[in-house]
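What follows is a single structure, written as structure tokens, with notes after it.
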Amino acid sequence: MTFKRLIFSLLLVAALGCLVISCNKGKKAKKSVVSGLCKVMCDESFKNILDDEIQVFEYSYKDASVLARYIDEASALDSLLNENTNLIIAYRDLTPNQKKILKGQGRAYRSRRIAVDAVALIVNNANDIDYLSVNDIQDIMTGKSTKWGEVYPTALKNEPIKVVFDKNRSGVLHYMKDKFNGGKDLPIEFFAQGSSKEVFDIVKKTRNAIGVIGVSWITTDMKSTAATVEEKYAELENGSNQQETKFSDEIKVLGVRTEDKIKDYKPYQAYIYDGSYPLTREIYAIDASPLGTLDHDFFVFLTGSIGQKIILQTGISPAAVPVRIVNVGGNN
């Protein structure tokens, strides 16, 4: 080997070594992006679903931690606009004025619908009413009907209707104001319990109560803790895009019908997806974090294939993954 060829060989080896080191550094840099701490503010009625999202995300990225704070929707929006957080889950997109505020702060944002949720109406098992029309609900929410007997001839006809919400500024309450009272405060006395679980618990033991709650809190599959996160992840990787919702038997879920239909529908996933169930709302992930941060990575996860399949498994309708309509049994 000539001296020149030797020098060339040594330089080539050195160059390849630098390339390998550079690639390894690139891999490490890429890995380090999906690490650290992410903070997300979330409306409390979405807690069950976001807990599952976080569990699988942290399993997928061992160096990443997601700290979720479950508060009312209005406080989550306030936190975003006051620059106290960069990622929130809410039941409405930003208004033009809120977008203007973020732009004035020099913050780029991205907003994406991640699911279509349902607001469920639940009553005690002693209540012999099985469904309400949309007009019936409006009469209850605006104070026109204050006793159960003013809605239907029922064994509870002389008992007052006790309306129960989760929180005073929650997304559920905001939805009902918009739907039934033009966005104004409901002109009735209602009871804010502090959490969706407390709504469920009070309806379970109060025969004249009607609870207004996110549907994920009443699906029995949300109670299952037997599967490990490894088993959940494997199912998400290989599972079919199909979910049959079953509701808790500790309370009664009311069917709801529109005035132009004879049939009522309960908030099964199939009826949320095709619009038959009338009390539905959109769920948005809103991210104002810089690209390359863990907050943004979690936003991408929520809107990606695995994140959407997690939503599919909770009984509500994901925004991106097609839902196969399945026979849920019975007429509603």
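Scanning the stretch 114-169 for residues that are at pLDDT below 95, open to solvent by 10 Å² or more (accessible area, probe 1.4 Å) and within 20 Å of Glu282 (Cα to Cα) turns up Val116, Lys167, Asn168, Arg169.
Here Ile137 passes the criteria (1) over 28 Å from the mean Cα position of the chain (by Cα); (2) within 27 Å of Tyr271 (Cβ to Cβ) except the one numbered (1).
In the set (1) of a type outside the set (Lys, Arg); (2) within 23 Å of Pro267 (Cα to Cα); (3) in contact with a helix residue (DSSP H, G or I) (Cβ under 6 Å, 6 or more places away or on another chain), Asp130 fails one condition alone, (3). Checking Gly307, Gly315 one by one, the residue that is part of a loop (DSSP other than H, G, I, E, B), open to solvent by less than 20 Å² (accessible area, probe 1.4 Å), at pLDDT below 95 and not basic (Lys, Arg) is Gly315 and no other. Within the stretch 170-188, restricting attention to residues that are buried (at least 17 other Cβ atoms within 10 Å of the Cβ) and either assigned to a loop (DSSP other than H, G, I, E, B) or of a type in the set (A, V, I, L, M) (or both), the residue that is farthest from the chain's Cα centre (by Cα) is Leu186. Pairs linking a residue in the stretch 83-107 that is basic (Lys, Arg) to a residue that is assigned to a loop (DSSP other than H, G, I, E, B) and open to solvent by less than 60 Å² (accessible area, probe 1.4 Å), with Cβ atoms under 6 Å and 6 or more positions apart or on different chains, are Arg107/Ala288. Taking the stretch 77-98 as the range and being touching a helix residue (DSSP H, G or I) at 6+ places or on another chain (Cβ under 7 Å), farther than 16 Å from Phe298 by Cβ and not in a helix (DSSP H, G or I) as the test, only Tyr91 passes.
Kindly indicate whether any position in the stretch 59-69 is in contact with a helix residue (DSSP H, G or I) (Cβ under 7 Å, 6 or more places away or on another chain), part of a loop (DSSP other than H, G, I, E, B), at pLDDT 95 or above and open to solvent by 30 Å² or more (accessible area, probe 1.4 Å). No, the stretch 59-69 contains no residue that is in contact with a helix residue (DSSP H, G or I) (Cβ under 7 Å, 6 or more places away or on another chain), part of a loop (DSSP other than H, G, I, E, B), at pLDDT 95 or above and open to solvent by 30 Å² or more (accessible area, probe 1.4 Å). When restricted to residues that are out of contact with any helix residue (DSSP H, G or I) (no Cβ under 8 Å at 6 or more places or on another chain) and either open to solvent by 70 Å² or more (accessible area, probe 1.4 Å) or under 20 Å from Leu77 (Cβ atoms) (or both), the stretch 193-214 contains 5.
Considering the conditions (1) closer than 24 Å to Val119 by Cα; (2) modelled with pLDDT of 95 or more, Tyr268 is excluded by exactly one of them, (2).
Taken over the stretch 46-58, the criterion of being open to solvent by 60 Å² or more (accessible area, probe 1.4 Å) and under 10 Å from the mean Cα position of the chain (by Cα) is satisfied by Lys47 alone.
Filtering Phe165, Phe190, Phe180 for residues that are within 18 Å of Tyr131 (Cβ to Cβ) and of a type outside the set (Asp, Glu) leaves a single hit, Phe180.
The values are calculated or read from the model by the stated rules, or taken from the named source; none is laboratory data. Every value quoted in this text rests on a predicted model; they were computed, and no experiment measured them. Backbone-built Cβ (ideal geometry, glycine too); neighbour counts: all protein chains shown. These accessible areas exclude ligands, DNA and RNA; they are computed on the full protein's heavy atoms, side chains included. Shrake-Rupley method; radii C 1.70, N 1.55, O 1.52, S 1.80 Å.
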